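Note sheet for the following structure.
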Amino acid sequence: METCDLCLTWYWEYDDDFARFIQEACSARGLRLWQVTPLNVLDAITSLYSGNTTFHTLLDRANDEILYEPIRRYARENNLRYINPPNLSHWSEDKATMHLELIEAGLQTPHTILIAPFIEQPVLPEFDLNPLGEKFVIKPAIGGGGEGVTMNASTRDDIQRARIEFPDQKYLAQAHIDARLLARREAWFRVFYVGGDCWPCWWNPSTHVYAELTSDEERQFELAPVRQVTERIAQVCKLDWFSTEIALTNENKFVVVDYVNDGIDTRIQSKAVDGVPDGVMKQIANKLVELTIIKKQ
């Protein structure tokens, strides 16, 4: 039986650079990588279940594609190493759940009202919208990439209209967060976490354009809490790999704005304006492969 160190499943065309970085990191360490894509997924499943091939660790970038489910099931049934196992992934992606968990952990979050799914509670109960401010954000508890999000809501009717887009989901109504300016730049950060390491980036919430946060900037603006908050989130969600959004307010509070995202957009900046800086994504890939080694030992 052929044994690979890491099985990487992916199907999104824009994951190609990420897959290349993973391959380079594996090659540099003498590890065997098995890439499963739409071109070979059927052959891969046959090889697994025929006993011809196996692997030590699964890194699943096709987790919303049903065709890859036999590979996920194989990993579960054989108790193989699974980066971001589905049970933790599904639990942590629920923003309503994470909101409560992060508050319990002592972290700052926007003022939020949690709202039951429309199909469970079609008539909104009475609650005070004033703490949310004149304009507030409405977002479904599950999902990312801005899908289903209303940015400038102001009334109960806005909440009702938002709820019927995904009627089986819980919703969050959240106050807008105004980040302070640091050297004419909003103090809004998207932080990537992998296995104990963090990569904080400046992130523009309007344009979604990244810039690497340098160590000099981190010291100059006293931004060490960005890492500390991210590490605390990691203790709560227990994922190997995720990103989060943290803003520094005018009151000098580090507020977690977007809690836990494990469906990370791996496009790189050299290929897409709003992609992750190439160097950051390459370091992420290296750390993911390093995790494979650590867990194997």
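Readers should treat all values here as calculations from the given coordinates under stated rules, not as data from a laboratory. Just so you know, these numbers come straight off a predicted model, no measurement behind them. Positions of Cβ are generated from backbone atoms using ideal geometry, with glycine treated the same way; all protein chains shown enter the neighbour counts.
Projected onto its three principal axes, the C-alpha set of the chain covers 64, 50, 34 Å, listed from the longest axis down.
When the pairs LYS95/LYS253; LYS135/LYS170; LYS139/LYS287; LYS95/LYS282 are compared against a 30 Å limit on Cα-Cα distance, LYS139/LYS287 fall above it. For the range 86-208, the Cα-based Rg and Dmax, in that order, read 15.7, 47 Å.
So if we plug the beta-carbon distance of MET1 and ASP278 into 1/(1 + (r/R0)^6) with R0 = 51 Å, what FRET efficiency do we get, rounded to 0.05? Once rounded, the FRET efficiency stands at 0.90.
Compute the Rg/Rh shape ratio of the range 149-208: radius of gyration over Kirkwood radius, all on alpha-carbon atoms. The Rg/Rh ratio comes out at 1.10. Extension gain, PHE221 to LEU181, is 13.3 nm, computed as 0.36 nm per intervening residue step minus the present C-alpha separation.
Take the Cβ atoms of ASN204 and LEU124, set R0 to 22 Å, and the FRET efficiency comes out at 0.10. Rounded, prolate or oblate: which fits the range 1-50, taking a ≥ b ≥ c as square roots of the Cα gyration tensor eigenvalues, rounded meaning a/c under 1.5, else prolate when a/b beats b/c? Taking the square roots of the gyration eigenvalues as a ≥ b ≥ c, the range 1-50 is oblate. For ASN84, nonlocal amide neighbours, meaning residues 5 or more places apart or on other chains whose placed amide H falls under 5 Å from its own, are ASP240, TRP241. Counting only Cα atoms, the range 111-175 measures 28, 26, 17 Å along its principal axes, largest extent leading. Assign one of three labels to the range 2-83, namely rounded, prolate or oblate, based on the Cα gyration tensor with a ≥ b ≥ c the square roots of its eigenvalues; rounded applies when a/c is under 1.5, prolate when it is not and a/b is larger than b/c, and oblate otherwise. The shape class here is oblate. For TYR49 and TYR14, the FRET efficiency from 1/(1 + (r/R0)^6), where r spans their Cβ atoms and R0 equals 41 Å, is about 0.90.
Using the Stokes-Einstein relation with a Kirkwood hydrodynamic radius computed over Cα pairs, the translational diffusion coefficient of the range 46-104 at 4 °C and a viscosity of 1.567 mPa s comes to 99 µm²/s.
Separation of the range 95-142 and the range 53-90, taken as the distance between their Cα centroids, equals 32 angstrom. The slack between LYS135 and GLU290, meaning 0.36 nm per residue of separation minus the straight C-alpha distance, is 51.4 nm.
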